[in-house]
Amino acid sequence: MLRNDILALLKELKLHGLRGAYDEMLEHGRRSGATLERFLLDLLKAEQAERRVRSIPIPPGDRQISREQRSGRFRLPGLARR
């Protein structure tokens, strides 16, 4: 199947952001009638965001920190957002 070949190739090329966003972006593009250029741009932005999150250094004493925590999207329960 074409989808499986694409996902396998994205994994082999270590394009984790593209691989993670592929199905969602493909479905969104089909529903909205997006152009190929728009679809590709959205996938590349997802890859860029994934790489930014992966590039944030983890402090030596805190190796169990999650990607959500490193990206700033993590909120502790009970704390109000400002």
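Overview of results
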read-out	value
Candidate set from segment 3-17 (those that are under 22 Å from SER55 (Cα atoms) and basic (Lys, Arg)); member that is most open to solvent (accessible area, probe 1.4 Å)	LYS14
First in segment 1-18 and in contact (Cβ under 8 Å) with a residue 24 or more places away in the chain, second anywhere and assigned to a helix (DSSP H, G or I) and open to solvent by 60 Å² or more (accessible area, probe 1.4 Å), Cβ under 8 Å, 6 or more apart	HIS16/ARG54; GLY17/GLN48; GLY17/ARG51; LEU18/LEU44
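The values are calculated or read from the model by the stated rules, or taken from the named source; none is laboratory data. For clarity, every value in this text was computed on a predicted model and none was experimentally measured. Counting neighbours? That spans all protein chains shown, and the Cβs are built from the backbone with ideal geometry, glycine included. For the accessible areas, the whole protein counts, side chains as well, though only heavy atoms, and no ligand, DNA or RNA atoms are used. Shrake-Rupley method; radii C 1.70, N 1.55, O 1.52, S 1.80 Å.
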